[in-house]
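The values are calculated or read from the model by the stated rules, or taken from the named source; none is laboratory data. A quick note: this is a predicted structure, and the numbers were derived from the prediction, not measured. Glycine gets a Cβ as well: all are built from the backbone with ideal geometry, and neighbour counts include every protein chain shown. Accessible surface areas use protein heavy atoms only, side chains included; no ligands, DNA or RNA. Shrake-Rupley method; radii C 1.70, N 1.55, O 1.52, S 1.80 Å.
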Amino acid sequence: MSSMNRLNISNGWKKTRTKNKDQHFTDVHGLPCIENLVCSVDETPEPLTTTITGNIPSWIKGNFLRNGPGKFEIGRSSFNHWFDGMALMHQFHIEDGKVTYMSRFLNSDCYNTNLGNNRIMMSEFGTVAIPDPCKNFFQRFLSRFELPKPSDNANVSFVQYKGDYYVSTETNFMHRIDPQTLETKEKVHNYDCKKYVCMENKLKMKCRNHCAQVDWSKFIAVNGATAHPHVDPDGTTYNMGNSYTLKGAFYNIIMVPPKKESQKDTLEGATVLCSIPSEHKSKPSYYHSFAMSENYVVFIEQPIKMDLLKIVTGKLRGKGINEGIYWDHKQNTVFHVINKHTGKLSLVKYYAKPMSTFHQINCYEENGFLIMDMCCSDDGQAINSYMIQNLKKSGNALDEVYNTMCRVFPRRFVLPLIVDNDIPCGQNLNTRLNSTATAIKADKNKVFCAHEDLHGDDLHEYGGLEFPQINYSMCNSHPYRYFYGCGFRHLVGDSLIKMDLQGKQIKVWKQADMYPSEPIFVPSPGAVEEDDGVILSVVITPNQEKSTFFLVLDAKTFEELGRAEVPINIPYGFHGTFQNRQ
């Protein structure tokens with residue numbers, strides 16, 4: 001790790017880290033304000049030329065796609081939570097060493113309804129829509145008793161099903177997108193264009209077609225799906241979604257088969273591979289992703305709970321969905337292992353201490369063990385820290401928000417796939433050499449797991465690691481050596497990190513007042529080595545005099561190869577992907 005990349009750490013932070021080593025809370029001071037990273041912007045539907053510094057390798061040809069919130073106010077009303085902003089899709093087109101940039105807002109029902117009425121009409125994760133003032137008192141009163149409708153504001157990620165690209169969130173709606181134009185491939189007129197008037201600029205807008213929605217619930221019995229599916233080499237895609245019945249809440253493992261010529265619909269042939277009942281019928285766990293190896297799917301049931309009664313009565317109480325999500329530190333984490341080929345749930349339940357995880361790094365099988373790597377923290381209250389008001393704070397108030405959030409670090413769990421009845425309780429079943437993770441047999445079908453850290457002390461200097469990525473095409477569900485992520489010494493990522501699992505060494509790219517997005521690995525043509533390729537990221541700055549830029553790093557050395565400066569500012573987003581056009 002280069003000395004120029006190291007941070008100067010205050011003595012106060014060092015002392016706090018030592019005292020709270022297990023909890024990973026901090027005592028950082030003087031964080032710069034990032035208010036401009038969550039400001040509304042206009043879309044840029046026509047490609048903009050960028051200014052190249054350094055060298056963008058000529059072999060990179062394709063579209064770097066990003067998704068995230070881009071509009072935080074509608075008329076005079078504002079969204080409360082970072083997750084609520086209207087979806088803005090970004091495209092960086094790379095070809096012959098040149099880069100162009102464009103963006104479009106997703107033409108979702110909620111976007112068009114909100115803009116058409118010049119106010120927030122549809123509730124989001126942390127924002128409750130206020131009853132229409134044009135209705136009479138009795139109508140407004142009755143509207144409070146309506147169940148919350150799932151949002152189609154798909155602002156989390158780009159995903160692929162059967163070769164097509166979609167933008168997705170965590171509800172039952174996805175939208176099919178043309179990655180070349182950021183428009184929808186299928187268009188349906190379902191509103192009166194003459195009545196669609198933007199009150200913000202008093203100009204009648206051009207007719208904008210609604211996205212062709214894909215509704216999971218029309219194909220299988222789920223009330224949504226994650227924005228982080230996994231794909232097998234043959235194109236079979238796996239995901240997870242909840243279902244809510246009179247018998248309680250269930251977690252469902254979803255399988256979507258590869259594309260067939262006879263299938264017209266995206267999710268045709270989708271099935272529920274396995275259905276797992278929630279331990280508490282009305283308070284299931286929240287989850288953002290899951291783990292998958294060659295033969296197994298692992299669902300992590302964590303102590304971040306959803307109080308369904310509070311959620312369904314949220315509109316009546318004037319509270320957002322986020323108010324119904326809470327951290328139950330008294331509950332252990334449970335790993336549920338499902339065989340992908342049979343759909344059967346393992347009789348063995350694997351437990352770990354209370355923790356939260358949003359993103360898994362990789363999962364693979366080796367010599368009878370399931371190796372599961374993920375980014376974890378010891379506290380699950382971070383979701384409500386990302387209120388817009390917190391992201392816009394400065395000075396001591398901003399420091400306080402950051403320091404009361406638990407840091408996230410990469411960890412490894414080792415799950416023995418076979419638990420012999422003859423082995424006595426209390427014995428560590430993890431017999432792998434050079435592994436400090438433990439799997440203690442607690443009962444006949446109960447194993448308690450403790451993790452191994454996948455990092456050294458130097459990662460504390462960068463605030464831990466989140467948004468992990470690997471060489472997916474080569475290493476997903478297989479043994480691997482490298483992963484990449486963002487360091488979080490701020491509320492958003494402020495560095496890029498490469499982790500080498502051999503020796504747990506890191507390489508870091510970091511510049512002052514620069515906030516890079518999730519790093520995406522793109523392999524070089526004909527690459528044989530795992531880290532032969534580049535890392536792509538979008539770097540945002542809250543300083544108006546500095547522009548946004550598309551960044552390319554050499555994945556081996558982690559040195560900058562080149563950047564493409566965009567002449568406009570864009571908001572900080574969530575997830576993305578690279579569409580190779582070779």
Practice task
Check segment 395-403 and report whether any residue there is part of a strand (DSSP E or B) and either on the phi < 0 side of the Ramachandran plot or buried (at least 21 other Cβ atoms within 10 Å of the Cβ) (or both).
Solution key: no
Practice task
Please indicate, with yes or no, whether at least one residue in segment 93-114 is farther than 19 Å from residue 576 by Cα and without any contact (Cβ under 8 Å) to a residue 24 or more places away in the chain.
Solution key: yes
Exercise for the section: Scan segment 346-361 and give yes if some residue there is in a strand (DSSP E or B) and of a type in the set (D, E, K, R), otherwise no. Expected result: yes
Practice task
Kindly establish whether residue 187 is surrounded by fewer than 20 Cβ atoms within 10 Å (Cβ to Cβ), farther than 20 Å from residue 66 by Cβ and at pLDDT below 55.
Solution key: yes
Exercise for the section: Having 2 or more residues that are of a type in the set (Ser, Thr, Tyr) and either within 22 Å of residue 69 (Cβ to Cβ) or open to solvent by less than 30 Å² (accessible area, probe 1.4 Å) (or both) is the bar; report the strands (runs of 3 or more DSSP E) wholly within segment 463-582 that clear it. Expected result: 482-487
Exercise for the section: Taking only segment 440-481 into account, find how many residues are touching a residue at least 60 places away in the same chain (Cβ under 8 Å) and β-branched (Val, Ile, Thr). Expected result: 2
Completion exercise
All-but-one check, residue 371 against (1) within 21 Å of the chain's Cα centre (by Cα); (2) over 21 Å from residue 497 (Cα atoms), failing number (1)
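Inspect all residues belonging to segment 422-432 and state whether any of them is closer than 30 Å to residue 532 by Cα, open to solvent by 40 Å² or more (accessible area, probe 1.4 Å), of a type in the set (A, V, I, L, M, F, W, C) and at pLDDT below 95. If you could, list the steps in order and put the result at the bottom.
Restricting attention to segment 422-432, the residues satisfying the condition of being closer than 30 Å to residue 532 by Cα are 432.
Now restrict to residues that are open to solvent by 40 Å² or more (accessible area, probe 1.4 Å): 432.
Next cut, of a type in the set (A, V, I, L, M, F, W, C) only: none.
Scanning segment 422-432 turns up no residue that is closer than 30 Å to residue 532 by Cα, open to solvent by 40 Å² or more (accessible area, probe 1.4 Å), of a type in the set (A, V, I, L, M, F, W, C) and at pLDDT below 95.
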Problem - Pairs with Cβ under 6 Å, 6+ apart, first in segment 323-352 and of a type in the set (Lys, Arg), second open to solvent by 20 Å² or more (accessible area, probe 1.4 Å) - result: 340/295; 349/446
Fill in the blank from the handout: Log entry, pairs with first residue in segment 295-314 being within 19 Å of residue 356 (Cβ to Cβ), second being in a loop (DSSP other than H, G, I, E, B) and among the polar types (S, T, N, Q), beta carbons closer than 6 Å, six or more apart or on different chains, reads 303/331
Fill in the blank from the handout: Those residues of segment 20-76 that are under 20 Å from residue 387 (Cα atoms), surrounded by 16 or more Cβ atoms within 10 Å (Cβ to Cβ) and of a type in the set (Gly, Ala, Ser) come to a total of 3
